[in-house]
């Protein structure tokens, strides 16, 4: 079967014939049915993640079916529908793992970085990375939930917000449009924050009670009218806007950052001390967190807005995602 690989950092995507490999102890071989394209795939494509061994197939938003199991594969069996996300395996021996903090394993494995990912016909993955897929979800629906979905779901459910609390979702893109849906289903009082009047109708349709246009409104002032936000989920970090978002938090409010950026942002100590505000970052989560995400999405109807592409069009799909021509999520299918 055909797979997509990058043979060197900054190299082009190449369509190659894949050699079928058998899983070893503690592994399974997954027949890939869909794989989401994530902005983090740039780590492999451009070689900005240290230590990548090329050639490498990118992709960490994987949905498929187990077609072979190695020894000691726990209770996983051929035919099981499974997903694999950013958490692609852990060592069980380092200090974070010994404390049960597997997502911060010092030797964390990441599909598409540590081993070949989902831009491929098959993936060999360790059993601790697998998440069961509910029957009602199609592979193309599952794929973006394995990174964008779990990241927003997990960050919100651990944010400290409770039903009825004002929760701001900043950014209405690949992460934000899922964040609005999850927040609404959690029973939060959702205020969406974006730039431009054209995003308002979609934000309200996804479950926000109110939309704030940061291009023409003072976000902090508008949130203060709501009594201040208990939580603001930052999905599209704009360094110039972070300070204003902090001012929109209520007492003991939390700014939770899930959208990654290398740009620093400025916040004064006065903004944090007076109302006991905090700023935290949140990674994706473990395979168990992925299962929770998929179950919740299946039960409540949360879905990513996607554009699908055949695996042969991986380069076109990747370019469209990176340049913003795909507004929400792109998914490779077979």
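So which of 209, 195, 157 is over 14 Å from the mean Cα position of the chain (by Cα) and under 26 Å from residue 103 (Cα atoms)?
Values: 209 fails: under 26 Å from residue 103 (Cα atoms); 195 fails: under 26 Å from residue 103 (Cα atoms).
Unique residue meeting the criteria: 157.
Residues checked against (1) more than 19 Å from residue 259 (Cα to Cα); (2) at pLDDT 95 or above; (3) touching a helix residue (DSSP H, G or I) at 6+ places or on another chain (Cβ under 6 Å):
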{"position": "180", "(1), (2), (3)": "no, yes, yes"}
{"position": "191", "(1), (2), (3)": "no, yes, no"}
{"position": "202", "(1), (2), (3)": "yes, yes, no"}
{"position": "206", "(1), (2), (3)": "yes, yes, yes"}
{"position": "210", "(1), (2), (3)": "yes, yes, no"}
{"position": "215", "(1), (2), (3)": "yes, no, no"}
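Based on what the data block shows, is residue 50 at pLDDT below 95 and either under 24 Å from the mean Cα position of the chain (by Cα) or closer than 23 Å to residue 147 by Cβ (or both)?
yes
Being within 19 Å of residue 331 (Cβ to Cβ) and in the same structural domain as residue 120 (by TED's automatic domain parsing) is a property that residue 28 lacks.
For the range 224-241, give me each residue that is in contact with a strand residue (DSSP E or B) (Cβ under 7 Å, 6 or more places away or on another chain) and within 30 Å of residue 39 (Cα to Cα). Selection gives 229, 230, 231, 232, 233, 234, 235, 236, 237. Scanning the range 174-204 for residues that are within 20 Å of residue 294 (Cα to Cα) and not in a helix (DSSP H, G or I) turns up 174, 175, 186, 187, 188.
Of the helices (runs of 4 or more DSSP H) lying entirely inside the range 242-334, those carrying at least 3 residues that are closer than 17 Å to residue 144 by Cα and touching a strand residue (DSSP E or B) at 6+ places or on another chain (Cβ under 9 Å) are 287-300, 314-322. Applying the set (1) surrounded by 15 or more Cβ atoms within 10 Å (Cβ to Cβ); (2) within 30 Å of residue 246 (Cβ to Cβ) to residue 317 leaves exactly one unmet item: (2). Being within 16 Å of residue 66 (Cβ to Cβ) and assigned to a helix (DSSP H, G or I) is the filter here, so list the residues in the range 91-143 that pass it. The answer is 127, 128, 129, 139, 142.
The values are calculated or read from the model by the stated rules, or taken from the named source; none is laboratory data. Here the structure is a predicted model, which means the values were calculated and not measured. Don't worry about glycine lacking a Cβ; one is built from the backbone with ideal geometry, like all the others, and counts go over all protein chains shown.
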